[in-house]
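Remarks on the structure that follows.
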Number of protein chains: 2
Amino acid sequence: MGITKSELFEKRQNRMALLAKAFDHPARVAIMEYLLNNQTCICNDLVTELPLSQSTINQHLKELKQIGIIKGEIEGPKVNYCIDVAVWEEARDMFMNMFSKPVAANLCD
Amino acid sequence: MGITKSELFEKRQNRMALLAKAFDHPARVAIMEYLLNNQTCICNDLVTELPLSQSTINQHLKELKQIGIIKGEIEGPKVNYCIDVAVWEEARDMFMNMFSKPVAANLCD
DNA sequence: TCTATTTACCGTAATATTACGTTATAACAG
DNA sequence: CTGTTATAACGTAATATTACGGTAAATAGA
(Lines give C-alpha, C1' and ligand atoms only; values in the text may rest on other atoms or scores of the structure.)
Protein backbone atom coordinates (compact mmCIF):
# COMPACT_ATOMS: atom_id res chain seq x y z
CA MET A 1 0.00 0.00 0.00
CA GLY A 2 0.99 3.57 0.41
CA ILE A 3 2.49 4.72 3.67
CA THR A 4 0.50 3.68 6.71
CA LYS A 5 1.27 6.05 9.58
CA SER A 6 1.18 3.31 12.17
CA GLU A 7 3.02 5.42 14.71
CA LEU A 8 -0.07 7.58 15.05
CA PHE A 9 -2.38 4.82 16.27
CA GLU A 10 -2.68 2.69 19.37
CA LYS A 11 -0.50 -0.41 19.56
CA ARG A 12 -3.62 -2.54 19.83
CA GLN A 13 -5.15 -1.03 16.70
CA ASN A 14 -1.98 -1.63 14.72
CA ARG A 15 -1.82 -5.18 16.02
CA MET A 16 -5.41 -5.88 15.02
CA ALA A 17 -4.79 -4.40 11.55
CA LEU A 18 -1.78 -6.69 11.17
CA LEU A 19 -3.66 -9.80 12.26
CA ALA A 20 -6.61 -8.92 10.01
CA LYS A 21 -4.21 -9.08 7.08
CA ALA A 22 -4.15 -12.85 7.53
CA PHE A 23 -7.75 -12.83 6.29
CA ASP A 24 -7.89 -9.91 3.88
CA HIS A 25 -7.06 -11.92 0.76
CA PRO A 26 -9.04 -14.96 -0.41
CA ALA A 27 -5.85 -16.97 -0.96
CA ARG A 28 -4.81 -16.38 2.64
CA VAL A 29 -8.29 -17.30 3.88
CA ALA A 30 -8.00 -20.51 1.87
CA ILE A 31 -4.54 -21.23 3.28
CA MET A 32 -5.67 -20.65 6.86
CA GLU A 33 -8.69 -22.87 6.32
CA TYR A 34 -6.52 -25.56 4.81
CA LEU A 35 -4.25 -25.43 7.84
CA LEU A 36 -7.22 -25.60 10.20
CA ASN A 37 -8.50 -28.68 8.44
CA ASN A 38 -5.17 -30.43 7.98
CA GLN A 39 -2.98 -29.26 10.86
CA THR A 40 0.07 -28.99 8.63
CA CYS A 41 0.92 -28.57 4.99
CA ILE A 42 3.80 -28.12 2.63
CA CYS A 43 3.78 -25.51 -0.10
CA ASN A 44 3.07 -28.10 -2.77
CA ASP A 45 -0.16 -29.20 -1.07
CA LEU A 46 -1.44 -25.68 -1.58
CA VAL A 47 -0.18 -25.52 -5.16
CA THR A 48 -2.37 -28.57 -5.81
CA GLU A 49 -5.28 -27.12 -3.87
CA LEU A 50 -5.29 -23.50 -5.02
CA PRO A 51 -5.46 -22.02 -8.52
CA LEU A 52 -2.30 -19.98 -8.06
CA SER A 53 1.31 -20.50 -9.03
CA GLN A 54 3.90 -21.82 -6.62
CA SER A 55 5.67 -18.50 -6.38
CA THR A 56 2.46 -16.64 -5.56
CA ILE A 57 1.48 -19.15 -2.90
CA ASN A 58 4.96 -19.01 -1.45
CA GLN A 59 4.62 -15.25 -1.22
CA HIS A 60 1.35 -15.59 0.74
CA LEU A 61 3.00 -18.12 3.05
CA LYS A 62 5.83 -15.68 3.59
CA GLU A 63 3.37 -12.92 4.48
CA LEU A 64 1.44 -15.17 6.88
CA LYS A 65 4.74 -16.14 8.50
CA GLN A 66 5.68 -12.47 8.75
CA ILE A 67 2.37 -11.73 10.45
CA GLY A 68 3.32 -14.55 12.79
CA ILE A 69 0.11 -16.54 12.53
CA ILE A 70 1.86 -19.50 10.93
CA LYS A 71 5.23 -21.12 11.46
CA GLY A 72 7.45 -23.15 9.16
CA GLU A 73 9.64 -26.04 10.16
CA ILE A 74 12.35 -27.12 7.75
CA GLU A 75 12.30 -30.86 7.14
CA GLY A 76 14.74 -31.86 4.49
CA PRO A 77 13.82 -30.15 1.24
CA LYS A 78 10.30 -29.40 2.51
CA VAL A 79 8.97 -26.85 4.94
CA ASN A 80 6.15 -27.95 7.17
CA TYR A 81 3.79 -25.09 7.90
CA CYS A 82 1.36 -24.98 10.80
CA ILE A 83 -0.65 -22.43 12.73
CA ASP A 84 1.08 -20.67 15.61
CA VAL A 85 -1.43 -21.34 18.36
CA ALA A 86 -0.43 -18.39 20.54
CA VAL A 87 -0.86 -15.85 17.75
CA TRP A 88 -4.03 -17.57 16.55
CA GLU A 89 -5.53 -17.21 20.01
CA GLU A 90 -4.41 -13.62 20.22
CA ALA A 91 -6.24 -12.94 16.95
CA ARG A 92 -9.30 -14.81 18.18
CA ASP A 93 -9.37 -12.79 21.38
CA MET A 94 -9.07 -9.52 19.48
CA PHE A 95 -11.86 -10.31 17.06
CA MET A 96 -14.04 -11.80 19.80
CA ASN A 97 -13.56 -8.64 21.81
CA MET A 98 -14.40 -6.47 18.81
CA PHE A 99 -17.52 -8.41 17.93
CA SER A 100 -18.73 -8.81 21.50
CA LYS A 101 -19.46 -5.11 21.79
CA PRO A 102 -23.16 -4.36 21.57
CA VAL A 103 -24.28 -2.74 18.34
CA ALA A 104 -27.25 -0.42 18.40
CA ALA A 105 -30.00 -1.09 15.86
CA ASN A 106 -29.43 0.76 12.60
CA LEU A 107 -29.55 4.46 13.36
CA CYS A 108 -29.43 5.73 9.82
CA ASP A 109 -31.37 4.56 6.77
CA MET B 1 -2.70 -3.84 -4.77
CA GLY B 2 -1.96 -5.92 -7.74
CA ILE B 3 -4.70 -7.96 -9.33
CA THR B 4 -6.53 -10.26 -6.97
CA LYS B 5 -7.95 -13.19 -8.92
CA SER B 6 -11.14 -13.32 -6.91
CA GLU B 7 -12.94 -15.36 -9.55
CA LEU B 8 -10.74 -18.31 -8.65
CA PHE B 9 -11.84 -18.59 -5.04
CA GLU B 10 -15.02 -19.54 -3.23
CA LYS B 11 -17.60 -16.83 -2.78
CA ARG B 12 -17.35 -17.23 0.95
CA GLN B 13 -13.58 -16.77 0.92
CA ASN B 14 -13.86 -13.62 -1.17
CA ARG B 15 -16.57 -12.33 1.16
CA MET B 16 -14.45 -12.93 4.23
CA ALA B 17 -11.46 -11.22 2.59
CA LEU B 18 -13.66 -8.22 1.83
CA LEU B 19 -15.05 -8.00 5.37
CA ALA B 20 -11.56 -8.40 6.85
CA LYS B 21 -10.59 -5.24 4.99
CA ALA B 22 -12.70 -3.30 7.46
CA PHE B 23 -10.07 -4.15 10.06
CA ASP B 24 -6.83 -4.35 8.10
CA HIS B 25 -5.83 -0.73 8.61
CA PRO B 26 -5.45 0.90 12.03
CA ALA B 27 -7.48 3.92 10.94
CA ARG B 28 -10.39 1.69 9.99
CA VAL B 29 -10.11 -0.20 13.28
CA ALA B 30 -10.23 3.15 15.06
CA ILE B 31 -13.26 4.26 13.03
CA MET B 32 -15.14 1.02 13.71
CA GLU B 33 -14.34 1.28 17.42
CA TYR B 34 -15.49 4.89 17.47
CA LEU B 35 -18.77 3.85 15.88
CA LEU B 36 -19.20 0.99 18.34
CA ASN B 37 -18.71 3.40 21.25
CA ASN B 38 -20.75 6.29 19.87
CA GLN B 39 -23.40 4.68 17.63
CA THR B 40 -23.06 7.42 15.03
CA CYS B 41 -20.54 9.98 13.90
CA ILE B 42 -19.91 12.57 11.24
CA CYS B 43 -16.66 12.75 9.34
CA ASN B 44 -15.54 15.77 11.31
CA ASP B 45 -15.80 13.89 14.62
CA LEU B 46 -13.16 11.54 13.28
CA VAL B 47 -11.01 14.39 11.99
CA THR B 48 -10.94 15.66 15.58
CA GLU B 49 -10.34 12.18 16.99
CA LEU B 50 -7.78 10.78 14.56
CA PRO B 51 -4.40 12.14 13.49
CA LEU B 52 -5.26 12.07 9.80
CA SER B 53 -6.47 14.66 7.34
CA GLN B 54 -10.10 15.04 6.37
CA SER B 55 -9.55 13.70 2.89
CA THR B 56 -7.78 10.61 4.16
CA ILE B 57 -10.50 9.90 6.71
CA ASN B 58 -13.15 10.45 4.08
CA GLN B 59 -11.39 7.90 1.91
CA HIS B 60 -11.49 5.32 4.72
CA LEU B 61 -15.18 6.05 5.29
CA LYS B 62 -15.77 5.56 1.58
CA GLU B 63 -14.02 2.20 1.68
CA LEU B 64 -15.95 1.07 4.76
CA LYS B 65 -19.17 2.11 3.03
CA GLN B 66 -18.09 0.20 -0.07
CA ILE B 67 -17.46 -2.89 2.02
CA GLY B 68 -20.98 -2.32 3.32
CA ILE B 69 -20.18 -2.46 7.01
CA ILE B 70 -21.20 1.16 7.57
CA LYS B 71 -23.96 3.32 6.14
CA GLY B 72 -24.23 7.08 5.69
CA GLU B 73 -27.36 9.16 6.04
CA ILE B 74 -27.29 12.69 4.65
CA GLU B 75 -28.55 15.22 7.15
CA GLY B 76 -28.15 18.76 5.89
CA PRO B 77 -24.51 19.42 5.17
CA LYS B 78 -23.45 16.49 7.34
CA VAL B 79 -23.46 12.76 6.78
CA ASN B 80 -24.35 10.59 9.72
CA TYR B 81 -22.44 7.34 9.63
CA CYS B 82 -23.42 4.21 11.53
CA ILE B 83 -22.72 0.50 11.49
CA ASP B 84 -24.88 -1.63 9.21
CA VAL B 85 -26.06 -4.21 11.69
CA ALA B 86 -26.78 -6.94 9.12
CA VAL B 87 -23.31 -6.78 7.61
CA TRP B 88 -21.71 -6.45 11.03
CA GLU B 89 -23.43 -9.65 12.13
CA GLU B 90 -22.42 -11.39 8.92
CA ALA B 91 -18.80 -10.46 9.64
CA ARG B 92 -19.14 -11.59 13.24
CA ASP B 93 -20.55 -14.94 12.15
CA MET B 94 -17.76 -15.46 9.64
CA PHE B 95 -15.00 -14.69 12.13
CA MET B 96 -16.71 -16.66 14.88
CA ASN B 97 -16.95 -19.62 12.55
CA MET B 98 -13.30 -19.29 11.58
CA PHE B 99 -12.09 -19.02 15.15
CA SER B 100 -14.38 -21.71 16.52
CA LYS B 101 -12.50 -24.42 14.64
CA PRO B 102 -10.25 -26.44 16.90
CA VAL B 103 -6.54 -25.75 16.47
CA ALA B 104 -4.09 -28.54 17.14
CA ALA B 105 -1.21 -27.76 19.48
CA ASN B 106 1.83 -26.43 17.63
CA LEU B 107 3.03 -29.15 15.32
CA CYS B 108 6.23 -27.49 14.19
CA ASP B 109 8.84 -25.71 16.28
C1' DT C 1 -26.77 37.46 1.05
C1' DC C 2 -22.54 36.25 3.29
C1' DT C 3 -20.10 33.04 6.03
C1' DA C 4 -18.85 29.00 8.40
C1' DT C 5 -19.26 24.09 8.48
C1' DT C 6 -19.07 19.85 6.42
C1' DT C 7 -18.32 16.69 3.01
C1' DA C 8 -17.00 14.92 -1.52
C1' DC C 9 -13.93 14.78 -5.29
C1' DC C 10 -9.61 15.53 -8.04
C1' DG C 11 -4.88 15.08 -8.72
C1' DT C 12 -0.35 13.70 -7.03
C1' DA C 13 3.31 11.16 -5.03
C1' DA C 14 5.11 7.46 -2.58
C1' DT C 15 4.76 2.86 -1.52
C1' DA C 16 2.61 -1.90 -1.13
C1' DT C 17 0.41 -5.84 -3.13
C1' DT C 18 -0.48 -9.46 -6.33
C1' DA C 19 0.99 -12.48 -9.67
C1' DC C 20 4.04 -14.89 -12.54
C1' DG C 21 8.21 -16.69 -14.85
C1' DT C 22 12.68 -17.86 -13.99
C1' DT C 23 16.41 -19.35 -11.44
C1' DA C 24 18.84 -21.21 -7.38
C1' DT C 25 19.26 -24.41 -3.69
C1' DA C 26 18.73 -28.49 -0.87
C1' DA C 27 17.56 -33.30 0.08
C1' DC C 28 16.83 -37.73 -1.50
C1' DA C 29 16.27 -41.91 -4.61
C1' DG C 30 18.31 -44.52 -7.99
C1' DC D 1 26.61 -38.44 -10.04
C1' DT D 2 22.05 -37.47 -11.93
C1' DG D 3 17.39 -36.56 -11.98
C1' DT D 4 13.30 -35.52 -9.24
C1' DT D 5 10.86 -32.99 -5.87
C1' DA D 6 10.22 -29.08 -2.93
C1' DT D 7 10.90 -24.62 -1.70
C1' DA D 8 12.86 -20.03 -1.71
C1' DA D 9 14.44 -15.93 -3.95
C1' DC D 10 14.84 -12.57 -7.69
C1' DG D 11 13.04 -9.62 -11.07
C1' DT D 12 9.09 -7.66 -13.51
C1' DA D 13 4.75 -5.64 -14.57
C1' DA D 14 0.32 -4.21 -13.45
C1' DT D 15 -2.55 -2.36 -10.15
C1' DA D 16 -4.14 -0.85 -5.38
C1' DT D 17 -3.51 1.72 -1.22
C1' DT D 18 -2.42 5.54 1.69
C1' DA D 19 -1.99 10.22 2.39
C1' DC D 20 -2.34 14.97 1.49
C1' DG D 21 -3.49 19.55 -0.46
C1' DG D 22 -6.66 21.98 -2.96
C1' DT D 23 -11.18 22.81 -4.54
C1' DA D 24 -16.12 22.56 -5.17
C1' DA D 25 -20.78 22.00 -3.49
C1' DA D 26 -24.42 22.06 -0.17
C1' DT D 27 -26.65 23.48 3.95
C1' DA D 28 -27.48 26.22 8.15
C1' DG D 29 -27.38 30.35 10.53
C1' DA D 30 -26.23 35.44 11.24
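Annotations
- Chain B: C-alpha pair distances exceeding 18 Å, %: 56
- Estimated at the nearest 10 Å², the accessible area of B:T56 is 50 Å² with a 1.4 Å probe.
- In Å², nearest 10: area of B:Y34 left accessible to a 1.4 Å probe: 50
- Note on the protein assembly as shown: the alpha carbon radius of gyration divided by the globular reference 2.2 N^0.38 Å gives 1.08.
- Each residue, A:E73 and B:I42, gets one label point 7 Å from its Cα in the Cβ direction; the gap between the two is 5.8 nm.
- For B:K78, the lysines whose Cα falls under 24 Å of its own Cα, not counting residues fewer than eight places away in the same chain, are B:K62, B:K65.
- Within 10 Å of the Cβ of each residue in A:36-43, the mean number of Cβ atoms contributed by other protein chains is 2.
- Evaluating 6.51 cos²θ - 1.76 cosθ + 1.60 at θ = phi - 60° for every residue in segment A:28-41, the Karplus couplings come out as 6, 4, 4, 5, 5, 5, 4, 5, 5, 7, 10, 6, 9, 7 Hz, glycine and proline recorded as x.
- Counts of other chain beta carbons within 10 angstrom of each beta carbon in peptide B:2-10 average 4.
- Karplus-based coupling profile of segment B:85-96, in residue order and whole Hz: 4, 4, 5, 4, 5, 5, 5, 4, 4, 5, 6, 4, with θ = phi - 60° in 6.51 cos²θ - 1.76 cosθ + 1.60 and x standing for Gly or Pro.
- Pairwise burial B:A, computed as accessible area of each alone minus the pair, summed, 1.4 Å, Å²: 4700
- Difference of contour (0.36 nm per residue) and Cα-Cα distance, B:N58 to B:I3: 17.4 nm
- Of the accessible area of segment B:1-73, computed with a 1.4 Å probe over protein heavy atoms only, carbon and sulfur atoms account for 45 percent.
- Charge dipole (debye, nearest 20) of segment B:9-96; +1 at Cβ of Lys and Arg, -1 at Cβ of Asp and Glu: 260
- Taking amide H as placed 1.01 Å from N in the peptide plane, B:N106 has its amide H under 5 Å from the amide H of A:V85, each at least 5 places away in sequence or on another chain.
- Using the rule -39500 (n - 2.57) for each DSSP H run of four or more residues, divided by the residues of chain B, the 222 nm mean residue ellipticity is -17000 deg cm²/dmol.
- Its relative contact order, with pairs defined as Cα atoms under 8 Å and 6+ residues apart, puts segment A:1-70 at 32 percent.
- For the peptides A:73-79, B:9-15, the ranking by mean Cβ contacts within 10 Å, running from highest to lowest, is B:9-15, A:73-79.
- On a per residue basis, chain B carries 51 Å² of accessible surface, using protein heavy atoms and a 1.4 Å probe.
The values are calculated or read from the model by the stated rules, or taken from the named source; none is laboratory data. Keep in mind that this is a model prediction, so the values were computed, not measured. FYI the Cβ positions are ideal-geometry reconstructions off the backbone, even for glycines, and counts take in every protein chain you see. These area figures cover heavy atoms from the full protein model, side chains too; ligands, DNA and RNA do not enter into them. Shrake-Rupley method; radii C 1.70, N 1.55, O 1.52, S 1.80 Å.
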